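Undergrad: There's a structure below that I have some questions on.
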Amino acid sequence: MNKPLYKHILLKLSGEALMGKKEFGIDLNTITKITRQISSIFNDGIKISIVVGGGNIFRGILAESIGMDRTSADYTGMMATVINALLLQNSLEKLKLPTRVLSAIQMDTICEPFIKRRAIRHIEKNRIVIFAAGTGNPFFTTDTAAALRASEMKCDVIFKATKVDGIYDSDPLKNKNAKRFKEISYSDVIKKDLKIMDTSAISLSKENNISIVVFSLLEKNSLVKVSRGLGNFTKIS
């Protein structure tokens, strides 16, 4: 099999990716499958940073639509990402992998606060760093947090894990003839309004020359394959 293409990746996991086939909440079997793949690429010598969402537990934008203050809703969503981060950490440590959870909102009794130099030091010590609580600010998505942390940690690439094996010119669930892009520019993603990540995340990645690889976590060993340039995916560059 091909050798890994990257030295340091930022893996963006949506909260929905942790639901498996459930409509809400957390599927522990799915988390186990994800962490086994993370273990495989870690053992290939790839440094791994992770940003996890919280949409499987709470989504701030939805709460706002039913009358909750947007700032309070976003902070509640950040708390959901911490829950997911701790679950991921537990699953990874069962596989004997060294991990640290760093939160953008300080909560010293359960995880470390995010400090850039500390995070870099953990990565230098070959620990898997899980970034929780987004950017720590309301009105910013975890996609933007992923682009920000990837820039700060000087990652080679962002791996955006979804339920679809790339970016299509139309919804592949509704259109059987939808075409998957093998590669697409940052500008075209914004121009075509493809909504795979928010505009600020795409723009920040472009400014820092960090490619984004969009792939499906549902495919067997997809994370391992994509790290070697194999399988189905779309690369934004």
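The values are calculated or read from the model by the stated rules, or taken from the named source; none is laboratory data. Given the structure is predicted, the values throughout are model-derived calculations rather than measurements. A quick note on method: Cβ atoms are made from the backbone with ideal geometry, for glycine too, and the neighbour counts reach across all protein chains shown. Side chains included, ligands, DNA and RNA excluded: accessible areas come from the protein's heavy atoms. Shrake-Rupley method; radii C 1.70, N 1.55, O 1.52, S 1.80 Å.
Undergrad: I'm told F181 meets every condition in (1) of a type outside the set (D, E, K, R); (2) in contact with a His (Cβ under 9 Å, 6 or more places away or on another chain); (3) without any contact (Cβ under 8 Å) to a residue 60 or more places away in the chain except one. Can you identify the failing condition by its number?
TA: For F181, the exception is condition (2).
Undergrad: Would you pick out the residues in the range 150-178 that are at pLDDT below 90, in contact with a helix residue (DSSP H, G or I) (Cβ under 8 Å, 6 or more places away or on another chain), part of a loop (DSSP other than H, G, I, E, B) and of a type outside the set (D, E, K, R)?
TA: none
Undergrad: Inside the range 179-237, counting only helices (runs of 4 or more DSSP H) that do not spill past its ends, which hold 1 or more residues that are in contact with a Gly (Cβ under 7 Å, 6 or more places away or on another chain) and farther than 22 Å from F139 by Cβ?
TA: It comes to 222-227.
Undergrad: Related question: Out of (1) among the aromatic types (F, W, Y); (2) surrounded by 23 or more Cβ atoms within 10 Å (Cβ to Cβ); (3) more than 13 Å from the chain's Cα centre (by Cα), the odd one out for F140 is which?
TA: That leaves (2) as the condition not met.
Undergrad: I'm trying to understand the selection: among the residues of the range 45-78, which are open to solvent by 10 Å² or more (accessible area, probe 1.4 Å), at pLDDT 95 or above and at negative phi?
TA: Across the range 45-78, the qualifying residue is only K47.
Undergrad: Related question: If you take the residues of the range 79-119 that are among the charged types (D, E, K, R) and part of a helix (DSSP H, G or I), which of them is surrounded by the fewest Cβ atoms within 10 Å (Cβ to Cβ)?
TA: Of everything passing the filter in the range 79-119, R117 is surrounded by the fewest Cβ atoms within 10 Å (Cβ to Cβ).
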